[in-house]
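Reviewing the structure listed below.
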Amino acid sequence: MTGFDLFKEMDSFTREMDQVFRDLGFGRPLVPGSGYRGYPRINLRENQDTYILEAQLPGIDPKELEMTILKGTLTLSGERKAFTEEQGSWHRRERGFGKFMRSIDIPAEIDGDKVRADYKDGLLTVTLPKAASVLPKRIEIQAN
């Protein structure tokens, strides 16, 4: 028998209800302050001296994206325009539209002056160099 995690189940239920309300046209989540954490989808990885964030943003003009960083939190915001075709009727409409904002906590201090962002084929790649203060420092050991 698998363990039952009440908090995990409640979180899952809340996310499902938020999606129901969004599908009905209500932009706000069910739980105030929880925000919609699902868009854009991201990957965040780390190597020795940088963090690399990749965000899927197909169909969005990179000139209309806004990205800020403040105290270890990277925020992406923008708007996905609605598809407007006069003729025909929808059979399925799964791709959302409207304004979005997503904040991502970066695990360590970064050098904000050296952040670089590239957009290609719907993928935003943000390179976040770690601040010198958090990089490992080699200490030479003196032999007596």
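The values are calculated or read from the model by the stated rules, or taken from the named source; none is laboratory data. Small disclaimer: the values here were computed from a predicted structure and weren't measured. When we count neighbours, we look across all protein chains shown, and the Cβ atoms used for this are built from the backbone with ideal geometry, even at glycine. Just the protein is used for accessible areas: all its heavy atoms, side chains included, with ligands, DNA and RNA removed. Shrake-Rupley method; radii C 1.70, N 1.55, O 1.52, S 1.80 Å.
Note on the range 102-116: residues that are touching a helix residue (DSSP H, G or I) at 6+ places or on another chain (Cβ under 9 Å) and surrounded by 16 or more Cβ atoms within 10 Å (Cβ to Cβ) amount to 2. Yes or no: the range 48-69 includes at least one residue that is assigned to a loop (DSSP other than H, G, I, E, B), out of contact with any helix residue (DSSP H, G or I) (no Cβ under 7 Å at 6 or more places or on another chain) and at positive phi. Yes: the range 48-69 contains one or more residues that are assigned to a loop (DSSP other than H, G, I, E, B), out of contact with any helix residue (DSSP H, G or I) (no Cβ under 7 Å at 6 or more places or on another chain) and at positive phi. Evaluation of Lys99 against the conditions (1) assigned to a strand (DSSP E or B); (2) open to solvent by 40 Å² or more (accessible area, probe 1.4 Å); (3) under 21 Å from Tyr51 (Cβ atoms); (4) in contact (Cβ under 8 Å) with a residue 12 or more places away in the chain shows that the sole unmet condition is (3). Note on the range 19-54: residues that are under 24 Å from Lys81 (Cα atoms), in contact with a Phe, Trp or Tyr (Cβ under 9 Å, 6 or more places away or on another chain) and modelled with pLDDT of 75 or more total 2.
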